[in-house]
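A short worksheet on the structure shown next.
The values are calculated or read from the model by the stated rules, or taken from the named source; none is laboratory data. Predicted model only: the values in this text are computed from it and were never measured. Here the Cβ positions follow ideal geometry from the backbone for every residue, glycine too, while neighbour counts run over all protein chains shown. Accessible surface is based on the protein model in full, side chains and every heavy atom, while ligands, DNA and RNA are left aside. Shrake-Rupley method; radii C 1.70, N 1.55, O 1.52, S 1.80 Å.
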Amino acid sequence: MASVDVFLRPVHPGDLPVFFRHMSDPEANRMAAFTAEDPTDRARFDAHWERILASPDVVTRTVLAYGVVVGHAAVYGEPGRREVTYFVDRGHWGRGIATAALRELLAEVPERPLLARTAADNTGSVRVLEKCGFTVVGRDRGFANARGAEIDELVLRLDG
């Protein structure tokens, strides 16, 4: 696999329509599992992002590869219980972009520990997190909107 240059930058208002398109993909939502109740509801999407971007406690970045917006990554939550999240457009899966983006985000946000949660069967996301130093510290079950059912979830942590 050839190396892809991945960059993070602050989110610009023009990124939001791209994020909405990415996050409206039914297959990507099925894999992510824990998504918005209705990923096609643009008003709710916009309100959600307005809250995120207004919060001083959230570090949100746009992921760029090949010179285009391919996703986003963030750290959010209460001190001591902060979590990472990321979303990469399905057309760019399997190229190391999520791993490179998460590594860059982790370098920018040095606080530890950080947590992450993923559907237990989302092997791609589990691999990304483990490549970045996260280890599985627990299991949970939660309702996954994108699957319309309760599913198994892994809880991972990055220390030191």
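Residues checked against (1) over 18 Å from L64 (Cβ atoms); (2) over 15 Å from the mean Cα position of the chain (by Cα):
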{"site": "E78", "(1), (2)": "yes, yes"}
{"site": "T99", "(1), (2)": "no, no"}
{"site": "L102", "(1), (2)": "no, no"}
{"site": "P110", "(1), (2)": "yes, yes"}
{"site": "L114", "(1), (2)": "yes, no"}
{"site": "G124", "(1), (2)": "yes, no"}
{"site": "E130", "(1), (2)": "yes, no"}
{"site": "R139", "(1), (2)": "yes, yes"}
{"site": "F143", "(1), (2)": "yes, yes"}
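Would it be correct to say that S3 is touching a Pro at 6+ places or on another chain (Cβ under 8 Å), open to solvent by 30 Å² or more (accessible area, probe 1.4 Å) and either modelled with pLDDT of 95 or more or on the phi < 0 side of the Ramachandran plot (or both)? So S3 fails the test. Within the stretch 11-55, the set of residues being more than 27 Å from G94 (Cβ to Cβ) and not aliphatic (A, V, I, L, M) comprises P13, E37, D38, D41, R42, R44, D46, H48, E50, R51, S55.
Matching residues to (1) in contact (Cβ under 8 Å) with a residue 24 or more places away in the chain; (2) open to solvent by 20 Å² or more (accessible area, probe 1.4 Å); (3) farther than 18 Å from A32 by Cα:
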{"position": "D46", "(1), (2), (3)": "yes, yes, yes"}
{"position": "R51", "(1), (2), (3)": "no, yes, yes"}
{"position": "S55", "(1), (2), (3)": "no, yes, yes"}
{"position": "V58", "(1), (2), (3)": "no, yes, yes"}
{"position": "V63", "(1), (2), (3)": "yes, no, no"}
{"position": "G80", "(1), (2), (3)": "yes, yes, yes"}
{"position": "T85", "(1), (2), (3)": "yes, yes, no"}
{"position": "V109", "(1), (2), (3)": "yes, no, yes"}
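Taken as a whole, the stretch 139-152 holds no residue that is at pLDDT 95 or above, farther than 22 Å from T35 by Cα and open to solvent by 70 Å² or more (accessible area, probe 1.4 Å). Taking the condition outside any loop (DSSP other than H, G, I, E, B), without any contact (Cβ under 8 Å) to a residue 60 or more places away in the chain, open to solvent by less than 80 Å² (accessible area, probe 1.4 Å) and touching a Leu at 6+ places or on another chain (Cβ under 7 Å), does V75 pass? Yes, satisfied.
Screening the candidates R127, R42, R95 for the property of being surrounded by fewer than 18 Cβ atoms within 10 Å (Cβ to Cβ) and more than 21 Å from F20 (Cβ to Cβ) yields one hit, R127.
Of the candidates T123, T60, the single residue that is among the hydroxyl-bearing types (S, T, Y), farther than 20 Å from A144 by Cα and either out of contact with any Ser or Thr (no Cβ under 7 Å at 6 or more places or on another chain) or at pLDDT 95 or above (or both) is T60.
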